[in-house]
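K.L.:
Mind looking over this structure? Questions follow.
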Amino acid sequence: MKIKELRLHPQAIADGPLRSSYGLHAPYALRTIVEVVTTDGITGISETYGGDRPLAALNAARDYVVGMDPFALTRFWQHLHGDSDTKVDASGERSQTMLVPGENPLDEASRTFAAIEVACLDAIGQAVNRPLCDLTGGRARDAAPFSAYLFYKHAGGGGTGDDARDDKYGECLSPETIVEQCRRFIAEYGFAEIKLKGGVLDPDIEIDTIRALHSAFPGYPLRIDPNCAWSVDTSVRIGLALRDELSGAGYLEDPCASLAGMAEVRRRLLAEGVKTLFASNVATTCFAHVPQARDLDAVQIILSDPHYWGGIRKQKQLSELCEVLGMGLSMHSNNHLGVSMMIMAHAACASPHLTHACDTHYPWQTEVDEVVEGGRIRFTNGTVPIPDKPGLGVKLDYDQVARGVERYNKLPYRKRDDEAEMRQHVDPNWRRILPRW
Ligand code: GKR
Ligand code: MG
């Protein structure tokens, strides 16, 4: 079996005006759907980040990919990374750049690799008639657990003009409206863990929001992720204030910048008897960051992402590494379609050690944009079960893919820029200041 064709379909998917410390989500998020067509007539599919840069990197790999044996993934990794993938800077320096995870230039080779790897594994799964998560030694679980990923947001459901989507949640900029958003998430999807994207409102309002969620949903593990919007002192203050609410299976995610900053917050909280765990997808974005994160005790839970940590086999290796190092593991997310939903579910099911429900933005996207045949992936009690079908278990609806390409071609932007959106729609003087509080 050889790859005879690589097809790339840039997609624009409607997205609501969600807030984070990066700024404001644009009316459309960008993704790329990837297909590899083999000489046996099998088409393997995948999904990755969108816009010019990921597309250019995939196009640059085309000459190598066409003609490649889909089993020869290690050689492809070596081709993209040169002789050592540890040459990625382990100093933690790039965590200071605060680029959107998955769009860090240094993750590019692993991101490109992952997109092709998954499509190859999908093709191999179809060739041997086995689900993808069974190809790396058999699955650890049959369904992947996900969490309710709550966002402060302005009114609006995403898209523009005639293409605007319904807004199921309305404006959510207060503790009460976030509790209501959560109620709807849990009623519709059955999630059993809750994450709040923070770093948006004054920290005291965010403390009140977590407290309100804690009393409305007793027993649900809670996590808050301000994407480094807080200083070390503010992080300590919030850690102390939320010592009960974030205890147990909850956690504090990237409260402040850098591994050194998080290590200091952790030390100061432990000195006060607060054992809240810290998770990161900003200070730890590749294998080279893990030993340092652990040695400093800055991060206890790694938030991986198969889309830029190097795909499904790397996700499984990371799971085993975290287990050996005594660290927890969960999964990061950005806006995505149903193909990525299945990539994440297979990655989670292939990983023996997975300590917390994974993140997903999927509830924020709508049926209108879905590219998988048969419509949106369904959740069962907060999980995505692995279908009894080969490979990823989903096929593309090509009419929907074409509509996504059409939307993409009409857009004036080719990369995510939450800061520019914030200036255009909310505050003309807004800048991303870290720490803001
Ligand atoms: O969608 O605004 C967002 C998130 O902030 C996203 O970009 C992050 O990458 O979800 C992510 C996170 O956990 O940091
Ligand atoms: Mg995060």
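The values are calculated or read from the model by the stated rules, or taken from the named source; none is laboratory data. Just so it is clear, the model here is predicted, and its values are computed rather than measured. All Cβ positions, even for glycine, are placed from backbone atoms using ideal geometry, and neighbour counts span all protein chains on display.
K.L.:
Residues that are buried (at least 20 other Cβ atoms within 10 Å of the Cβ) and more than 16 Å from ligand 2 (Cβ to nearest atom): find the helices (runs of 4 or more DSSP H) completely inside the range 225-335 holding 1 or more of those. So that I can check it myself, show each step before the final result.
P.N.:
Details: elements: 232-241, 259-271, 290-295, 306-309, 311-325.
Per the criteria, 232-241, 259-271, 311-325.
K.L.:
Here's another thing I want to ask about it. Only residues that are assigned to a helix (DSSP H, G or I) and touching a residue at least 40 places away in the same chain (Cβ under 8 Å): list them for the range 142-177, please.
P.N.:
First pass over the range 142-177, keeping only residues assigned to a helix (DSSP H, G or I): 161-163, 175-177.
D163, the sole residue that qualifies.
K.L.:
Pull out all pairs, ordered by first then second residue, where Cβ-Cβ is under 9 Å, the residues are six or more apart or on different chains, the first lies in the range 188-203 and is at positive phi and at pLDDT 95 or above, and the second is among the acidic types (D, E) and within 16 Å of ligand 1 (Cβ to nearest atom).
P.N.:
Once the first residue is at positive phi and at pLDDT 95 or above and sits in the range 188-203, its partners that are among the acidic types (D, E) and within 16 Å of ligand 1 (Cβ to nearest atom) give G199/E206; G199/D225; G199/D254.
K.L.:
Hey, can you tell me all the residues within the range 345-367 that are not in a loop (DSSP other than H, G, I, E, B) and not charged (D, E, K, R)? Outline the logic, then answer.
P.N.:
Here is the first cut: in the range 345-367, the ones not in a loop (DSSP other than H, G, I, E, B) are 345-350, 358, 362-364, 367.
Hits for the range 345-367 are A345, H346, A347, A348, C349, A350, C358, Y362, P363, W364.
K.L.:
Give the range 172-217 a look and list any residue that's among the basic types (K, R) and either within 16 Å of ligand 2 (Cβ to nearest atom) or surrounded by 19 or more Cβ atoms within 10 Å (Cβ to Cβ) (or both), or say none. Reasoning before the result, please.
P.N.:
Looking only at the range 172-217, we keep the residues that are among the basic types (K, R), and these are 183-184, 195, 197, 211.
Across the range 172-217, the qualifying residues are K195, K197.
K.L.:
While we're here: Within the range 251-276, track down each residue that is free of Cβ contacts under 8 Å to residues at least 60 places away in the same chain and within 15 Å of ligand 1 (Cβ to nearest atom). Before you say what the answer is, go through the steps one by one.
P.N.:
Residues of the range 251-276 free of Cβ contacts under 8 Å to residues at least 60 places away in the same chain: 252-255, 261-276.
Across the range 251-276, the qualifying residues are L252, E253, D254, P255, M262.
K.L.:
Six or more apart or on different chains, Cβ under 7 Å: which pairs go from a residue in the range 302-320 that's within 17 Å of Y251 (Cβ to Cβ) to one that's in a helix (DSSP H, G or I) and at pLDDT 95 or above? Could you list them?
P.N.:
Note: pairs meeting the criteria are I302/V290; I302/L318; I302/C322; S304/Q315; S304/L318.
K.L.:
Counting only residues that are among the small types (G, A, S) and under 19 Å from S330 (Cα atoms), how many does the range 139-159 have? First the steps, then the outcome.
P.N.:
Taking the range 139-159 and keeping what is among the small types (G, A, S), we get 140, 143-144, 147-148, 155-159.
After this cut, where a residue has to be under 19 Å from S330 (Cα atoms) as well, the list is 140, 143-144, 147-148.
Of the residues in the range 139-159, 5 are among the small types (G, A, S) and under 19 Å from S330 (Cα atoms).
K.L.:
While we're here: What do you reckon, is P203 more than 15 Å from ligand 1 (Cβ to nearest atom) and in contact with a Gly (Cβ under 7 Å, 6 or more places away or on another chain)? It would help to see each step written out before you state the result.
P.N.:
Values: more than 15 Å from ligand 1 (Cβ to nearest atom): yes; in contact with a Gly (Cβ under 7 Å, 6 or more places away or on another chain): no.
No.
Yes or no, residue by residue, for (1) over 24 Å from D297 (Cα atoms); (2) of a type outside the set (G, A, S); (3) modelled with pLDDT of 95 or more:
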| position | (1), (2), (3) |
| --- | --- |
| G326 | no, no, yes |
| S330 | no, no, yes |
| N334 | yes, yes, yes |
| L337 | yes, yes, yes |
| M342 | yes, yes, yes |
| H356 | no, yes, yes |
| D359 | no, yes, yes |
| W364 | yes, yes, yes |
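K.L.:
Got a sec? Which of R19, R7, R53 is farther than 21 Å from A123 by Cβ and part of a strand (DSSP E or B)?
P.N.:
Numbers: R7 fails: farther than 21 Å from A123 by Cβ; R53 fails: part of a strand (DSSP E or B).
Step by step, each of R19, R7, R53 is checked, and only R19 is farther than 21 Å from A123 by Cβ and part of a strand (DSSP E or B).
K.L.:
Another question, if that's okay. State whether the residues of the range 183-200 include one that is charged (D, E, K, R) and under 28 Å from R431 (Cα atoms). Working first, answer last.
P.N.:
Taking the range 183-200 and keeping what is charged (D, E, K, R), we get 183-184, 188, 193, 195, 197.
Now drop any that are not under 28 Å from R431 (Cα atoms), which leaves 195, 197.
The answer is yes; a qualifying residue exists.
K.L.:
Pairs needed: first member in the range 105-130, under 20 Å from G67 (Cβ atoms); second member anywhere, in a helix (DSSP H, G or I) and modelled with pLDDT under 95; C-beta distance under 7 Å; at least 6 residues apart or different chains.
P.N.:
A109/H81
K.L.:
Quick test of your reading of the structure: Y220 fulfils all but one of (1) away from ligand 2 (no atom under 16 Å from the Cβ); (2) among the aromatic types (F, W, Y); (3) under 19 Å from the mean Cα position of the chain (by Cα). Name the failing condition by number.
P.N.:
Of everything listed in (1) away from ligand 2 (no atom under 16 Å from the Cβ); (2) among the aromatic types (F, W, Y); (3) under 19 Å from the mean Cα position of the chain (by Cα), Y220 misses just condition (3).
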